[in-house]
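One structure is given here, and the rest of the page talks about it.
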Amino acid sequence: MRIMKQFAVLTLALAQCAFPAAREERVAWFRQAIQKALNQARAELARPGATPSSRDLPNAGLAVMLLGGDPREAEKFVLASFAHQDLDPASPAFGTIPWRIGHPEIKDANSIEFNMQPVGPLFAFYGPKLSPAFKQSMKPHIQAAFVALRRHKVPVTYTNIYLMKTVNLILCGEAIGDETAARDGYAQLDAWIEHTRQAGVGEFDSPNYYAVNLNSLLMGHRFAARPEAREKFRRLLDLFWSDIAANYFPGRGTLSGPHSRGYEFLRGHESVELFLYTEGLRQTPPPFEPSIGRQFLLLSEIAGGYRPPAAVLRLASIPERIVESRYRAEPHRDRYNYVTPDFAAGSASGHYGTHDKLINIELANQRDLPVIYVAPDAIDHPYGKLKSKDRSGHLKPVHAPLNAASVQHKGALLTLLDLDPSALAETGSLATNVVVPAGADALVLDGKPVKVSKWLAVGARPDSVLGVRVGNAGVAIRFFQASGIGRRPAQFVFQADEAGLAEGAARLTAYHYRGVGLKLDDSHVFAGLLFLVQRCPGEAAFRGLLKRAAAVKIESAVDGLIWSVSAHGEGPALEVRRNIQTREVLSRRVGGKEVQSRVLTVNGEDLSALN
């Protein structure tokens with residue numbers, strides 16, 4: 001590929017000087033981490049009244065084999081989970097396994113996919129070491145699991161569970177000679193490929209679930225019996241790794257840009273970084289310990305499985321790149337990410353979920369400062385540290401949906417938000433927050449420096465410009481519009497509260513409502529934001545950026561149900577039109593040209609081929 005060849009020499013030079021740990025050292029680190037996780041699983045099971053996550057048990061069984069342990073211990077781990085499987089043929093839950101032993105209140109249909117995930121690879125790679133009695137005892141459990149898997153209807157856009165179900169049917173079907181199950185899995189694989197060829201990856205660029213996707217794809221590629229299917233898995237792995245490498249930001253060692261699901265709002269360090277480190281993109285181990293369920297990368301390594309081609313990894317070395325991709329077949333469901341040595345700035349349109357991150361700006365630094373992101377919320381705590389129970393009973397960080405209409409050209413980003421207070425529970429506030437690093441090298445509000453070392457609240461105004469500079473990157477942030485409940489004006493404030501300061505974060509906030517706790521009836525509350533991000537190697541460049549942001553001419557008008565906004569500055573004009581009743585994005589233009597959605601391109605080169 002033209003882009004890849006262009007930077008081959010640069011990449012080889014970087015590889016020789018930028019990654020001090022050899023691959024063997026990185027794999028050894030990962031092996032030690034899995035050993036620690038296995039020891040923790042052993043200790044958990046030995047504790048009186050233990051209530052482990054059921055999926056940890058078969059994963060521990062596979063880990064025992066990976067680390068050269070006793071196969072009989074591995075078998076006991078697996079059977080400890082399947083002992084809780086519902087084997088009553090008359091039960092509507094026949095074949096399922098509870099998510100957590102002893103916690104029936106957690107009802108997660110995905111439990112069967114996660115519990116089955118280690119079983120296929122265990123039989124495929126370590127089958128000769130497993131006892132005949134264990135294999136025989138597991139056969140009815142696997143057959144019952146197939147019933148639960150088929151009953152669980154998983155949409156093709158629910159990428160991690162769809163791929164996990166697919167590989168489970170293939171590998172476990174082949175393990176026990178169930179050709180129907182394996183055939184169903186292969187049919188699902190083809191259906192996913194056909195969908196993705198047109199619509200892109202549904203669960204897009206998740207720093208957490210991309211690791212889960214890679215786990216499944218690695219197992220399918222290494223252990224599927226059909227050679228043509230293994231080739232399909234290889235192409236899918238190339239697609240995911242092209243996406244990962246293209247969006248990799250060396251300045252923080254992260255998968256950058258907007259993404260579908262993430263549980264670490266402030267810094268974004270999640271499990272895909274295990275892959276980034278192992279493959280040599282990230283220089284240091286990620287700042288967390290991997291769980292037992294992350295072991296599939298190690299199994300692939302031991303079994304001589306897939307490795308990303310050098311040409312794919314070289315995408316991460318392109319100094320300046322525009323990455324465009326799509327996550328739905330519907331119009332305007334796409335993402336844009338601009339990656340440079342000093343920053344990565346990205347945006348997406350639409351809505352994915354309550355822990356997506358549709359506006360995400362990362363600035364290169366060694367201090368691991370919080371990133372810059374937009375989080376509407378109704379609890380006055382947009383940092384992702386207060387968690388709420390989802391419908392399955394899991395505690396997760398949440399924010400209110402952005403319902404974004406975004407358009408971007410390199411470091412210039414315009415986004416229109418349409419919040420729905422009527423869908424939220426009773427609240428004493430509703431706010432759109434732009435979270436920023438409190439420890440930035442410079443914070444400037446309307447031309448005046450602000451030092452954030454303790455609690456503060458500085459009044460802002462509509463069209464205030466907040467400047468953030470870290471290292472050689474500067475960001476100008478400007479609310480040009482924000483309505484309050486009942487169409488009253490929003491209140492603006494730059495603030496640092498106790499919870500934010502504890503995490504190194506401050507925020508520019510538009511309060512749409514502050515008052516007594518009540519259920520809000522408005523179904524549309526609007527906010528418009530402009531971001532300018534560029535290289536700022538000194539104070540003069542930073543001040544120039546802030547002046548340019550203040551000078552951008554914003555034209556905003558509502559004609560009937562159509563909200564139209566345009567931003568005219570030094571670069572191409574950015575324009576967005578949306579329907580304020582249906583939230584439909586009608587058009588997005590850059591320099592007068594309509595934005596075209598692409599499955600996956602880097603600097604205009606198509607990397608999405610799955611043929």
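The values are calculated or read from the model by the stated rules, or taken from the named source; none is laboratory data. Please read all numbers here as calculations on a predicted model, not as lab measurements. Glycine gets a Cβ as well: all are built from the backbone with ideal geometry, and neighbour counts include every protein chain shown.
Being touching a Phe, Trp or Tyr at 6+ places or on another chain (Cβ under 6 Å), closer than 30 Å to A506 by Cα and of a type outside the set (D, E) is true of S256. Looking for something exposed (fewer than 15 other Cβ atoms within 10 Å of the Cβ), modelled with pLDDT of 95 or more and closer than 24 Å to N215 by Cα - is there at least one such residue anywhere in region 101-116? No, there is no match, as no residue in region 101-116 is exposed (fewer than 15 other Cβ atoms within 10 Å of the Cβ), modelled with pLDDT of 95 or more and closer than 24 Å to N215 by Cα. Whether a residue is buried (at least 23 other Cβ atoms within 10 Å of the Cβ) and touching a helix residue (DSSP H, G or I) at 6+ places or on another chain (Cβ under 6 Å) was assessed, and V323 passes this test. Identification of strands (runs of 3 or more DSSP E) wholly contained in region 492-604 with 3 or more residues that are of a type in the set (F, W, Y), in contact (Cβ under 8 Å) with a residue 60 or more places away in the chain and at negative phi yields no element.
Return yes when A496 is buried (at least 18 other Cβ atoms within 10 Å of the Cβ), more than 26 Å from V565 (Cβ to Cβ) and assigned by TED's automatic domain parsing to the domain that holds I361 and no when it is not. Yes; evaluated as a whole, the condition is true for this residue.
Pairing each residue of region 123-135 that is surrounded by 13 or more Cβ atoms within 10 Å (Cβ to Cβ) with any residue that is in a loop (DSSP other than H, G, I, E, B), provided the two are 6+ apart or on different chains, yields C-beta distances under 7 Å for F125/A303. Could you check, for region 470-485, whether at least one of its residues is assigned by TED's automatic domain parsing to the domain that holds S406, aromatic (F, W, Y), crowded, with 23+ Cβ neighbours inside 10 Å and touching a strand residue (DSSP E or B) at 6+ places or on another chain (Cβ under 9 Å)? So far as region 470-485 goes, yes, one or more of its residues are assigned by TED's automatic domain parsing to the domain that holds S406, aromatic (F, W, Y), crowded, with 23+ Cβ neighbours inside 10 Å and touching a strand residue (DSSP E or B) at 6+ places or on another chain (Cβ under 9 Å). Is it true that some residue in region 602-609 is in the same structural domain as D342 (by TED's automatic domain parsing) and hydrophobic (A, V, I, L, M, F, W, C)? Taking every residue of region 602-609 in turn, none turns out to be in the same structural domain as D342 (by TED's automatic domain parsing) and hydrophobic (A, V, I, L, M, F, W, C). Scanning region 321-333 for residues that are touching a residue at least 24 places away in the same chain (Cβ under 8 Å) and on the phi < 0 side of the Ramachandran plot returns R321, I322, V323, E324, S325, R326, Y327, R328, A329, P331, R333. Would you say D356 is more than 22 Å from T157 (Cα to Cα), out of contact with any Asp or Glu (no Cβ under 7 Å at 6 or more places or on another chain) and not assigned by TED's automatic domain parsing to the domain that holds P287? For D356, the condition - more than 22 Å from T157 (Cα to Cα), out of contact with any Asp or Glu (no Cβ under 7 Å at 6 or more places or on another chain) and not assigned by TED's automatic domain parsing to the domain that holds P287 - is not met.
Within region 350-358, none of the residues are over 16 Å from L255 (Cβ atoms), touching a strand residue (DSSP E or B) at 6+ places or on another chain (Cβ under 6 Å) and buried (at least 23 other Cβ atoms within 10 Å of the Cβ). Name the residues in region 393-438 that are surrounded by fewer than 17 Cβ atoms within 10 Å (Cβ to Cβ) and in contact with a Leu (Cβ under 7 Å, 6 or more places away or on another chain), would you? S422, E426 - these are the residues of region 393-438 that are surrounded by fewer than 17 Cβ atoms within 10 Å (Cβ to Cβ) and in contact with a Leu (Cβ under 7 Å, 6 or more places away or on another chain). The number of residues in region 403-457 being under 20 Å from F542 (Cβ atoms) and over 27 Å from the mean Cα position of the chain (by Cα) comes to 12.
Between I97, I106, the distinction of being in contact (Cβ under 8 Å) with a residue 24 or more places away in the chain, assigned to a loop (DSSP other than H, G, I, E, B) and touching a helix residue (DSSP H, G or I) at 6+ places or on another chain (Cβ under 8 Å) belongs to I97 only. Being modelled with pLDDT of 95 or more, among the small types (G, A, S) and in contact with a strand residue (DSSP E or B) (Cβ under 6 Å, 6 or more places away or on another chain) is a description that applies to G200.
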